[in-house]
Amino acid sequence: GLAIGDDVQISGVKIGTVSAVDLNPDTYLARVRMNIEPSVKLPADTAALISSQSLLGGRYLALEPGASEDMIPAGGHVQYT
């Protein structure tokens, strides 16, 4: 349900955009690539959820930061979806 250019948000605040959506050929799971503002540091236990913007449609990727002291490095991945 996500498309390139859709928002990436934390608590309703846009922090980035979806840059690619494709299929991982090894696991057959969707892989979403996103560009996040460099000033935003995400804990390693951050969760990602696809949410609806309104009843009329439109989706965005919602990130819910966890409590880990370790951060996801640049180019890293969100483990919990």
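The values are calculated or read from the model by the stated rules, or taken from the named source; none is laboratory data. Since the structure is predicted, the reported quantities are computational estimates derived from the model, not experimental observations. The area values use the complete protein model at the heavy-atom level, side chains included, leaving out ligands, DNA and RNA. Shrake-Rupley method; radii C 1.70, N 1.55, O 1.52, S 1.80 Å.
For Ala62 and Ser19, calculate 0.36 nm times their separation in residues minus their Cα-Cα distance, and state this gained length in nm to one decimal.
That works out to 14.0 nm of additional length.
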Going by amide H atoms built from the backbone, whose H comes under 5 Å of the H on Leu42, apart from near neighbours? Ile72
³J(HN,Hα) computed for each position of region 31-40 - Karplus, 6.51 cos²θ - 1.76 cosθ + 1.60, integer Hz, glycine/proline x: 10, 10, 9, 9, 9, 10, 3, x, 6, 8
Per the 1.4 Å probe, what fraction of the accessible area of the chain, in percent, lies on carbon and sulfur atoms? 53
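In Å², what does the accessible area per residue of the chain work out to with a 1.4 Å probe?
69
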Unit-weight point scatterers at every alpha-carbon of region 24-81, Debye formula, q = 0.16, 0.22, 0.28 1/Å: log10 I(q)/I(0) is -0.59, -0.97, -1.22
